[in-house]
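K.L.:
Take this structure, written in structure tokens, and hold onto it; I'll ask about it next.
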Amino acid sequence: MFKYFIFFIFLICAALLSCTVDAYEKGEGDYSLLTAELVEASVNSSKQVTQVVTDDAQLLTLTQPFTAKWVARPDTTYRALLYYNRVGAAKAEVVNMGAVSVLYPLNADSLKKGMKADPLYVESIWQSRNGRYLNMQLRLLTGQVANDSIRQSIGIVKAKGSTSTHQQLQLYHDQGGQPEYYSSSVVVSLATNSLSADTVTITVNTYDGPFVRTLTGWKAASGARH
């Protein structure tokens, strides 16, 4: 359900990404060993996450099954951002976990509203160590609105100039009428098995002007999750 356009309620995202606040005071707090990692989360037949695999290919069993509204389908795997405390060598105590949207490139002519590239900020773009994803941490400006249906949307669009060895992509961002009062950070992943070349250039319109990043040399793994 995350294959095309992904809509975010950014207040929820901001709450999730603020879990590390005060976590390392004196190094002795409840969350002094708190770790945040992007993972693939395995869901059982009861819609519970029971184990995760990190981008370093480490399998972690959860000390308690985890469930949330975004865990909507049984017997599947979701991309997620996990905050946890390590328990022993291969167990994780969940502090919080949220879904991470997996984007797949769209053709520009499939966009009902046409291409939109409203500005945002790029905090980081990096390839996961297992080669399955290109990850983007983005910072958007948002604000409270009376109508919950007013949301921003993000996608990835195939741009002109692609060749068999070099694919050009443009980040789609529709501000959606939300005000631009304060920042909210969000992470999305791009499935590398959806890319047609081993060199990719991603262009993003930011408040500081065009941001261009070229990534090359990965071996895209199959079976990216969403």
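The values are calculated or read from the model by the stated rules, or taken from the named source; none is laboratory data. Bear in mind that the values here come from a model prediction, so they are computed numbers and not experimental data. Every residue, glycine among them, receives a Cβ derived from its backbone with ideal geometry; neighbour counts consider all protein chains shown. With ligands, DNA and RNA removed, areas are computed over all heavy atoms of the protein, side chains included. Shrake-Rupley method; radii C 1.70, N 1.55, O 1.52, S 1.80 Å.
K.L.:
P(r) of region 108-226 in 10 Å steps, Cα pairs, percent per bin?
P.N.:
12, 42, 34, 11, 1
K.L.:
Would you mind calculating the gained length between Tyr121 and Glu37 on full extension (0.36 nm times residue separation, minus the Cα-Cα distance), in nm to one decimal? Mind dumping the intermediate values first?
P.N.:
Details: separation 84, 0.36 × 84 = 30.24 nm, distance 2.13 nm.
Gain in length upon complete extension: 28.1 nm.
K.L.:
Here is a follow-up. Between the alpha-carbon centers of region 44-84 and region 117-180, tell me the distance in whole angstrom.
P.N.:
25
K.L.:
Collect residues whose amide H, placed 1.01 Å from N in the peptide plane, falls under 5 Å from the amide H of Thr63; neighbours closer than 5 in sequence don't count.
P.N.:
Those qualifying (amide H under 5 Å, at least 5 residues apart or on another chain) are Ala92, Glu93, Val94.
K.L.:
Need one number: nm distance between label points at Lys69 and Ser46, each 7 Å from Cα along Cα→Cβ, rounded to one decimal.
P.N.:
If labels sit at Lys69 and Ser46, their model points lie 2.3 nm apart.
K.L.:
OK, next. Could I have the simple spin-label model distance between Arg129 and Ser194, label points 7 Å from Cα toward Cβ, reported in nm to one decimal?
P.N.:
For Arg129 paired with Ser194, the spin-label model returns 2.5 nm.
K.L.:
Kindly provide the pair-distance distribution of region 146-193 built from C-alpha pairs, with 10 Å bins from 0 and whole-percent values in order of increasing distance.
P.N.:
All Cα pairs considered, the percentages come to 18, 42, 25, 13, 2.
K.L.:
Taking a 27 Å limit on the Cα-Cα distance, which of the listed pairs Lys112/Lys160; Lys69/Lys158; Lys69/Lys113 fall beyond it?
P.N.:
Working: Lys112/Lys160 18 Å; Lys69/Lys158 31 Å; Lys69/Lys113 29 Å.
Beyond 27 Å between Cα atoms: Lys69/Lys158; Lys69/Lys113.
K.L.:
What is the packing order of peptides 157-165, 88-96, taking the mean over residues of other C-beta atoms within 10 Å and listing the highest first? Walk me through the numbers before you get to the answer.
P.N.:
On the way: 157-165: 12.7, 88-96: 14.8.
Sorting 157-165, 88-96 by mean packing, highest first, produces 88-96, 157-165.
K.L.:
Here is a follow-up. Subtracting the Cα-Cα distance from 0.36 nm times the residue separation, let me have the gained length for Thr206 to Ala57 in nm, one decimal. Provide the component values of the computation, followed by the final result.
P.N.:
Working: separation 149, 0.36 × 149 = 53.64 nm, distance 3.30 nm.
Separation in residues times 0.36 nm, less the Cα-Cα distance, equals 50.3 nm.
K.L.:
While we're looking at this one, here's another question. Can you give me the long-range amide H partners of Leu120? Hydrogens built in the peptide plane at 1.01 Å from N, cutoff under 5 Å, separation of 5 or more residues or another chain.
P.N.:
Thr206, Tyr207
K.L.:
Give me the percent of accessible area attributable to carbon and sulfur for region 35-132, probe 1.4 angstrom. Intermediate results must be reported in sequence, preceding the final value.
P.N.:
Values: 2220 of 4770 Å².
Roughly 46 percent, rounded to a whole number.
K.L.:
Let's test the formula: R0 of 25 Å, r as the Cβ-Cβ distance of Lys113 and Val145. What FRET efficiency results, to the nearest 0.05?
P.N.:
E(calc), rounded to 0.05, equals 0.85.
K.L.:
One-quarter of the Cα convex hull surface for region 107-177, in nm²?
P.N.:
Values: hull surface 26.2 nm².
Averaging across all directions leaves 6.5 nm² for the Cα convex hull.
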